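Reading through the structure tokens given below for one structure.
Computed from the coordinates by the stated procedures, all read-outs in this text should not be read as laboratory data. Worth saying up front: this structure is predicted, and the values here are computed from it rather than measured. Counting neighbours? That spans all protein chains shown, and the Cβs are built from the backbone with ideal geometry, glycine included.
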Ligand code: HEM
């Protein structure tokens, strides 16, 4: 009798478990259901995905599910695209159909962007177009072109070189030096001046940037702390706006007659004052804190930080970079953006850095604004779509030894940079592509070139006392991928 009861209990437990555990296997691939792994009822695939590096799990799944598949994490359904063909089709060929941004179940992004008021989170409408145009114009200043970027970056670069020199060949972690100088580039772009760490505005901007990174990171830990941080970010945002407005007015007094006002902050204020502009303070405040300060600092500073980690372990790459800068620039003058064309190895190293690191591995989530078809598979309007740039940049079916750092993959037999139509260049999209391409692509590439070439002109970079892996599979994921802390030794070169 006891055995009989036991078997009833076991049977009931088995029925209950099967009700919540749906078959873990490949789902049916029909037009309506994209390939997927079935997961738990309610939780979906939550326990099958590496929460801190989801792109690594998605990359694995591509082998089995193909380049277009769906994933369910709790109540959120995502479509993941992995191959070059699928990503190019979605971002470029059908770019307009995928130009939306999701607004459901993104509480943290909603608060930090002040209800989707920035360029990154606005839907593809006139306001976003206007804001993008103002920022682009001030970043590039079309006719004087690269000169503005060079002026902003060189300022920052001199500080960086001085700080490196000041370490007197002792082992040090370059993270803060890089971070402060990159942040100051963004402040120069906004306000036309640099700040020291102890100035209140700079301190608040840094607090906002670092708080937003922590609040938006993928880690599921410290949920309560994240809520508190988000509350603080809302306060900081309006304080930063007020202080920047005051700082801009002070700057107005210093402008000489006839002098061109190159500050982004002035251009944004002028646009706000225009009748019928459709812009509000909320938009400008959000653009400054998130599109410029947050997006512009974390990406570039993490790229440079990883570059130093990589270069300290790849002396052969370093020697080639130094040979090139010595030959083209020499030691008597500073590096200029006009040197780029004559420095293919440095450019190839930059492209390889962007491929290898794939700092924004899944892009910013897109939303399909109409029913459409990708690689023969139906994607419904309103789907959240993630482009797995990380997979595309490390796909073993396309790249030879994708986990090795080899600038040569972007050089032709004649030693020149391969053309933009070369398959290796086409398979490289670190800034996305199409209507939602990164706002700061030109600025980021130019800054990286100037810093890399100038550092190689002045220093030998050697490993320091603390090491961290630079293999892209082992990077940490905050808001963007980054290297764990490490140290280097910066030895000034004899020729300088
Ligand atoms: C190495 C440096 C950088 C990398 C790798 C990078 C990468 C990216 C990527 C992958 C996207 C998403 C594109 C998409 O949604 O498909 C993006 C968007 C964006 N980035 Fe960057 N970025 C960098 C630097 C910058 C800088 C310096 C700025 C600011 C000046 C910036 C501002 C933005 C903005 C505002 C967007 C949203 C564009 C939109 O939705 O229209 N980024 N970036």
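The table that follows gives values for the structure above.
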read-out: Beta bridges per DSSP with both ends in the chain, % antiparallel, nearest 5; value: 85 percent
read-out: Theoretical FRET efficiency, 1/(1+(r/R0)^6), r = Cβ-Cβ of residue 413 and residue 249, R0 56 Å, to 0.05; value: 0.45
read-out: Mean ellipticity per residue at 222 nm, deg cm²/dmol - from DSSP H runs of n ≥ 4 across the chain, formula -39500 (n - 2.57); value: -15000 deg cm²/dmol
read-out: Rounded FRET efficiency, nearest 0.05, which uses the C-beta distance separating residue 437 from residue 315 and R0 of 41 Å; value: 0.70
read-out: The chain: angle of helix 344-357 to the longest principal axis, Cα-based, in degrees nearest 10; value: 30 degrees
read-out: Degrees separating the helix 126-140 axis from the principal Cα axis of the chain, which is the longest one; value: 40 degrees
read-out: For region 222-293, alpha-carbon Rg over 2.2 N^0.38 Å; value: 1.36
read-out: Angle between the chain longest axis and helix 315-328 axis [Cα atoms, degrees, rounded to 10]; value: 40 degrees
read-out: Burial ordering of 196, 57, 300, fewest other beta-carbon atoms within 10 Å first; value: 196, 57, 300
read-out: Difference of contour (0.36 nm per residue) and Cα-Cα distance, residue 199 to residue 474; value: 95.4 nm
read-out: Contact order relative to length of region 189-330, as percent, for alpha carbon pairs under 8 angstrom and 6 or more apart; value: 29 percent
read-out: Region 285-324 residues near the modelled residue 238 label - backbone nitrogen below 18 Å, point 7 Å along Cα→Cβ; value: 285-290
read-out: Label-point separation in nm, residue 370 to residue 133, each point 7 Å along Cα→Cβ; value: 2.3 nm
read-out: Over the chain, relative contact order from alpha-carbon pairs under 8 Å, at least 6 apart, %; value: 22 percent
read-out: Part-to-part distance (alpha-carbon centres) for region 245-299 and region 464-496, which is given in Å; value: 34 Å
read-out: Region 381-429-region 68-84 distance, computed between alpha-carbon centres (Å); value: 22 Å
read-out: Mean projected area in nm² (Cα convex hull; one quarter of hull surface) for region 97-206; value: 10.1 nm²
